[in-house]
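What follows is calculated from the coordinates using simple rules that are stated; it is not laboratory data. Note that the structure is predicted; figures quoted are calculated from it, not measured. Cβ: placed from backbone, ideal geometry, glycine included. Neighbour counts: every protein chain shown.
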Amino acid sequence: MLVTELYVRRDDLAAITAATRDTSVGDGEALFHIESFALTANNMTYAAHGVDMAYWGFFPGPEGFGIVPVWGFASVLESRAPGIEPGQRFYGYWPMASHALLRPGRISPRGFTDNAAHRAKLPPVYNNYVPASPAYGPEAVQALFRPLYTTSFVLDAMLSGSPAKALVLTSASSKTALGLAQAAKGRKRVIGLTSAANIGFVAATGYYDAVVDYADVSSLAAEAGPAALVDFSGNGAVRHAVHTALGDRLIESHVVGDTHWEVGNTNNLPGVAPQLFFAPSVIVDRIAQWGADGFETRLAAAWAGFMASTCWLRVVHDTGADAVAAHWRALAAGRIDPAEGLVLSV
């Protein structure tokens, strides 16, 4: 079986190329046809942290290159794994490719785990695959938001216990930020920072109490606080400006992603030290606190509320390796319309 994969240069994340290789299914393995996946700023975060957070380790590429992980749906094309049958469809974490070869284990009606040796030491939350289900809404919206909203949900759970009365979210148009803003609205004052081009869209979602242009970050000096910064951008200059404007009224600073991956971080930040937020670890902690069923029940209720609020979303479908590569380059250059959700296939 010929498989098409897209490789991103580790030292130049905007550089992407497609290649085809042959693969065969061994004992205990299953070959999946990747039907659709979302492409969002979250995938750029995976690439930006490919080494330090081991995201390149899920689907190893050639020397100097990485295969970006994506969330979406795939069907079983061929299986030599007992309990996995051709035609079954699963939601989960796939390579940016036409197909994926996995080694299913711990198979149950609730799904399976990829037991490939190279994934054994990677965060388990990414190794689980669940049956496709309409209960979570349209598959395009699931692919776009389901993994991101889990991060939004656990961020909101963490911040709900914070003494901060205001949340300042950078990259306010990013999908994870939108999910957090929707969840926190009404309980905290939610302030979104975004580019001038995206102010209209961000305000129109109705999730934010205030929307501020990056060029006007100094206006945060008027906020009473106490405040918490949730930085989805990874832009060190913006982070420095927020810390400076809020001063000692900024009591927490959380770094979640790197949507502005090309802008380096700034050293010697004034005020509170930023803390890196790693969703898989927080998810494990919350499951330990609430139990697996309690976690799923809370997440499902929050997800339903968010789904009902996404009338602003326009889903854009595209297919083919060249199309996927073009969308990746546009994402790397910051040319993605925040109101659009890209759902792609190779």
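The length gained by stretching the chain between A333 and S195 to full extension, at 0.36 nm per residue less their Cα-Cα distance, is 48.3 nm. Applying the Karplus relation 6.51 cos²θ - 1.76 cosθ + 1.60 with θ = phi - 60° to segment 63-74 yields 3J(HN,Hα) values of 3, x, 10, x, 9, 6, x, 9, 9, x, 10, 8 Hz, where x marks Gly and Pro. Across segment 135-142, computed HN-Hα scalar couplings (Karplus, 6.51 cos²θ - 1.76 cosθ + 1.60, θ = phi - 60°) run 4, 8, x, x, 4, 4, 5, 4 Hz from first to last residue, x flagging Gly and Pro. The label point for A54 and the one for A224, both projected 7 Å from the Cα toward the Cβ, are 4.6 nm apart. Would you mind telling me which residue in F153, F59, F73 has the biggest mean-square fluctuation in a Gaussian network model of the chain, where springs connect alpha carbons within a distance under 10 angstrom? The residue that fluctuates most here is F59. Over the C-alpha atoms of segment 1-89, the Rg to Rh ratio, Rh being the Kirkwood estimate, stands at 1.00. Using C-alpha pairs under 8 Å with a sequence gap of at least 6, the mean separation divided by the residue count of segment 145-281 gives a relative contact order of 21 percent. Comparing Cα centroids, segment 305-346 and segment 273-292 end up 28 angstrom apart. Placing +1 on the Cβ of each Lys and Arg and -1 on the Cβ of each Asp and Glu in segment 145-281, which of V154, T244, V168 has its Cα farthest towards the positive end of the resulting dipole? Looking along the dipole axis, the top candidate is V154.
State, as an integer percentage, the relative contact order of segment 180-251 based on alpha-carbon contacts under 8 Å between residues 6 or more apart.
Details: 79 pairs, mean separation 19.5, N = 72.
The value is 27 percent.
Quick one: order R89, R21 by neighbouring beta-carbon count within 10 Å, fewest to most.
So the residues, fewest neighbours to most, are R21, R89.
Between the alpha-carbon centres of segment 56-89 and segment 182-255 there is a gap of 38 Å. When the Cα positions of L180, S233, G66 are compared along the charge dipole of the chain, L180 comes out farthest toward the positive end, with charges on each C-beta of Lys, Arg, Asp and Glu. Counting only DSSP beta bridges with both residues in the chain, the antiparallel share comes to about 60 percent.
Once the Cα atoms are used to define both axes, helix 175-184 deviates from the longest principal axis of the chain by about 60 degrees.
Between A210 and I107, what FRET efficiency comes out of the Förster formula 1/(1 + (r/R0)^6) with R0 = 45 Å and r the beta carbon distance, rounded to 0.05? Each step should come with its number before you reach the end.
Details: r = 49 Å, r/R0 = 1.08.
Plugging the Cβ-Cβ distance into 1/(1 + (r/R0)^6) gives 0.40.
Since only A18, I107, T4 are under comparison, the one whose Cα sits farthest along the positive direction of the charge dipole of the chain, derived from C-beta charges on Lys, Arg, Asp and Glu, is I107.
Normalised by the number of residues in the chain, the average gap of Cα pairs under 8 Å and 6 or more apart makes the relative contact order 17 percent. For segment 58-101, the residues whose amide N sits under 15 Å from a probe point set 7 Å from the Cα of A117 along the beta carbon direction are 60. Model label points for A273 and R21, set 7 angstrom from Cα along the Cα-to-Cβ axis, are 4.1 nm apart. Restriction of the trypsin sites (Lys or Arg not before Pro) in segment 273-346 to DSSP coil positions whose beta-carbon has at most 15 other beta-carbons within 10 angstrom yields R335.
In order along segment 17-22, the Karplus-derived 3J(HN,Hα) couplings, from 6.51 cos²θ - 1.76 cosθ + 1.60 at θ = phi - 60°, round to 9, 9, 9, 10, 9, 8 Hz, and Gly and Pro are given as x.
For the chain, the alpha-carbon radius of gyration amounts to 0.99 times the rule-of-thumb value 2.2 N^0.38 Å expected for a compact globular protein. Plainly put, segment 172-291 has a radius of gyration that is 0.96 times its Kirkwood radius, both from alpha-carbon atoms, as the Rg/Rh ratio.
Given 0.36 nm per residue, what is the gain on full extension from W290 to S160 after removing their alpha carbon distance, in nm?
On the way: separation 130, 0.36 × 130 = 46.80 nm, distance 1.53 nm.
Residue separation times 0.36 nm, minus the Cα-Cα distance, leaves 45.3 nm.
Taking the Cα centre of the chain as reference, the dipole from Cβ charges on Lys and Arg (+1) and Asp and Glu (-1) amounts to some 660 debye.
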